[in-house]
Amino acid sequence: MRRLTDAERLRAFLQALARATDTVCRLYLTGGGTAVLYGWRPTTIDVDVKLVPESDAVLRAIANLKDELQINVELASPADFIPELPGWEDRSVFVMQEGKLAVFHYDLYAQALAKIERSHAQDVADVKVMLSRELVERAKLLDLFGRIEPALYRYPALDPRTFRRAVEDAIRVVP
């Protein structure tokens with residue numbers, strides 16, 4: 001079983017991946033990786049990433065490094081759970097550039113909406129922190145939800161009314 005990943009281990013993974021990257025690409029951190037680097041959680045079980053563009057060499061490097069460094073890595077992003085938010089790339093927060101690899105936090109609004117939709121206890125706690133630290137604005141979160149709401153039919157497991165209610169409840173909660 002792999003160990004939990006803290007900020008130091010995550011940075012070591014990103015630096016090693018950058019050394020192994022042979023093509024210009026962007027890596028977007030989501031979920032626990034973002035929480036750990038922002039510092040509201042000390043560790044994460046796995047590091048969720050999205051790679052743009054996907055590269056066989058980088059994917060092979062990820063597979064090797066996760067074993068070498070004993071880190072759980074998943075290819076996952078909010079767009080796997082909810083429709084892609086317009087402008088998500090522009091809202092993604094720069095973390096580091098090393099060699100040909102640029103690392104960003106995937107759009108925090110998309111992360112928050114995906115966490116609200118999934119509604120796991122850790123996800124709910126993360127959204128509360130994002131709101132209390134004003135990493136996401138309540139009105140903008142609701143506005144962005146409204147912009148993807150017409151596309152929710154593409155995600156048949158989602159119930160649009162329940163999802164809207166969960167977003168409204170999340171932004172009403174006082175930190």
query = In the range 163-175, how many are in contact (Cβ under 8 Å) with a residue 40 or more places away in the chain and not in a helix (DSSP H, G or I)?
reply = 2
key: Where Arg161 falls short, out of the listed (1) in contact with a helix residue (DSSP H, G or I) (Cβ under 9 Å, 6 or more places away or on another chain); (2) farther than 27 Å from Asp46 by Cβ   = (1)
request  = Find all pairs meeting these conditions: Cβ atoms under 7 angstrom apart; at least six residues apart or on different chains; first residue within the range 86-99 and farther than 30 Å from Glu149 by Cα and among the hydroxyl-bearing types (Ser, Thr, Tyr); second residue open to solvent by less than 50 Å² (accessible area, probe 1.4 Å) and assigned to a loop (DSSP other than H, G, I, E, B).
outcome  = none
task = Just give me the residues in the range 5-30 being within 18 Å of the chain's Cα centre (by Cα) and either basic (Lys, Arg) or modelled with pLDDT under 95 (or both), in sequence order.
result = Arg9, Arg11, Arg26
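So which strands (runs of 3 or more DSSP E) are wholly in the range 1-114 and hold at least 2 residues that are open to solvent by less than 30 Å² (accessible area, probe 1.4 Å) and over 22 Å from Arg154 (Cβ atoms)?
Working: elements: 25-30, 46-52, 72-75, 93-98, 101-105.
Result: 25-30, 46-52, 101-105.
Considering only the range 115-144, state which residues are closer than 21 Å to Asp48 by Cβ, of a type in the set (A, V, I, L, M, F, W, C) and in a helix (DSSP H, G or I).
Ile116, Ala121, Val124, Ala125, Val127, Val129, Met130, Leu131, Leu141, Leu144
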message = I'd like to verify a number: residues in the range 140-162 that are touching a residue at least 24 places away in the same chain (Cβ under 8 Å) and not basic (Lys, Arg), how many?
response = 9
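The values are calculated or read from the model by the stated rules, or taken from the named source; none is laboratory data. The structure presented is a predicted model; accordingly, all values stated were derived computationally and were not measured. FYI the Cβ positions are ideal-geometry reconstructions off the backbone, even for glycines, and counts take in every protein chain you see. When the accessible area is computed, the model is the full protein with side chains, heavy atoms only, and any ligands, DNA or RNA have been set aside. Shrake-Rupley method; radii C 1.70, N 1.55, O 1.52, S 1.80 Å.
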